[in-house]
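Here is the structure we will look at.
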């Protein structure tokens with residue numbers, strides 16, 4: 001499973017079966033609008049080193065997964081601790097067509113169940129959005145680190 005996020009498309013219950021949950025989809029089929037969202041993410045976060053096409057390639061090659069919801073998308077990957085080999089379900093990127101729809105709150109239970117079902121030990125998000133910190137901390141998340149950088 002190394003090199004993939006540990007999920008197969010047919011293993012995930014999609015929108016039709018569970019009444020509105022995100023669906024695991026092919027980024028190829030939705031690239032026209034997903035690219036727009038990824039471009040917005042890159043513009044708003046100039047410290048990111050990838051291009052939208054890099055994310056596309058990661059999804060097409062099975063290293064990341066594209067989850068589609070009516071409001072936008074989430075891209076997940078797998079991280080493996082090099083010492084313990086524990087697998088973490090990493091919610092890498094998220095984009096909503098319109099902000100303020102509480103998508104994190106709405107869809108978190110779905111992603112938590114997907115991660116549990118796939119045998120992950122942890123679920124992780126990283127964000128520069130300060131508005132999410134109070135919500136995450138009040139929902140049982142732990143802040144493990146904050147990263148600050150300075151160019152030389």
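Go through the stretch 90-101 and give me each residue that's in contact (Cβ under 8 Å) with a residue 12 or more places away in the chain and assigned to a loop (DSSP other than H, G, I, E, B).
The answer is 97, 98, 101.
Scan 43, 55, 74, 104 and give me the residue that is part of a strand (DSSP E or B) and either modelled with pLDDT of 95 or more or touching a helix residue (DSSP H, G or I) at 6+ places or on another chain (Cβ under 8 Å) (or both).
Going through 43, 55, 74, 104 in turn, the sole match is 74.
Here are 36, 15: which of them is at pLDDT below 95, surrounded by fewer than 20 Cβ atoms within 10 Å (Cβ to Cβ) and over 16 Å from the mean Cα position of the chain (by Cα)?
That would be 15, the only listed residue that is at pLDDT below 95, surrounded by fewer than 20 Cβ atoms within 10 Å (Cβ to Cβ) and over 16 Å from the mean Cα position of the chain (by Cα).
What about residue 84, is it at pLDDT 90 or above, surrounded by 15 or more Cβ atoms within 10 Å (Cβ to Cβ) and more than 30 Å from residue 32 (Cβ to Cβ)?
When the stated conditions are applied, residue 84 does not pass them.
Name the residue that is farthest from residue 102 (Cα to Cα), counting only residues in the stretch 119-135 that are under 15 Å from the mean Cα position of the chain (by Cα) and at pLDDT 85 or above.
120
The values are calculated or read from the model by the stated rules, or taken from the named source; none is laboratory data. Treat the numbers as computed from the prediction; the structure is a model and nothing was measured. Glycine also receives a Cβ, built like all others from the backbone with ideal geometry; neighbour counts cover every protein chain displayed.
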